[in-house]
Amino acid sequence: MRRNTEGLKRSAKLRTAAALEKAQAAIRRMQVEEIAINFRTVAAHAGVSTAWLYSTKPLRDRIVKLRAVSKTPVQNDTNHRRLISQERVIATLRLRVKDLEANNNELKEQLERAYGQLAIPSSNNKSARRGHVHDVQARENRKKSLDHYR
């Protein structure tokens, strides 16, 4: 007795053609929407298995080619984010340097004012410095002679 397998073969071919069309349509949509193309994403969008995508040579080759092309925007996006992050860090550091320079200049001005006040002679005409020449002469004049104590 001979089995009728023609109907099964025809049904399998129709299912394969429908799955192939769904996968190709999913790939086109993903390209338009700029979604990363790889076997998992295509399988999820098309509703087919990744094993079937790998076993179908024309689809496998197309996905491999598109996967290499679609990685570039993802990497550029990552690089773009990294550059933005670095620019933010640089801007923050520049602000901090600017604040520190302003603080440093203010402290320098205060120090110069303090030095200026020290340089102004006091009102009682006594030197603020120890062992000044005029102070030494004044002490010598005040010394009592040894005869004075005898």
* Structure fact -> Note on the stretch 31-51: residues loosely packed, with under 13 Cβ neighbours inside 10 Å, modelled with pLDDT under 90 and in a helix (DSSP H, G or I) are Val32
* Given Lys65, Lys57, Lys22, which one is touching a Gly at 6+ places or on another chain (Cβ under 8 Å) and modelled with pLDDT of 90 or more? -> Lys22
* **Count - residues of the stretch 1-30 that are open to solvent by 80 Å² or more (accessible area, probe 1.4 Å) and either in a helix (DSSP H, G or I) or basic (Lys, Arg) (or both)** => 13
* Asked: Which one is nearest to Ala19 (Cα to Cα), of the residues in the stretch 30-68 that are free of Cβ contacts under 8 Å to residues at least 12 places away in the same chain and acidic (Asp, Glu)?
  -> Asp61
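The values are calculated or read from the model by the stated rules, or taken from the named source; none is laboratory data. What you see is a predicted model; the values in this text were computed from it and never measured. Note that each Cβ is placed from the backbone with ideal geometry, even for glycine, and that neighbours are counted across all protein chains shown. With ligands, DNA and RNA removed, areas are computed over all heavy atoms of the protein, side chains included. Shrake-Rupley method; radii C 1.70, N 1.55, O 1.52, S 1.80 Å.
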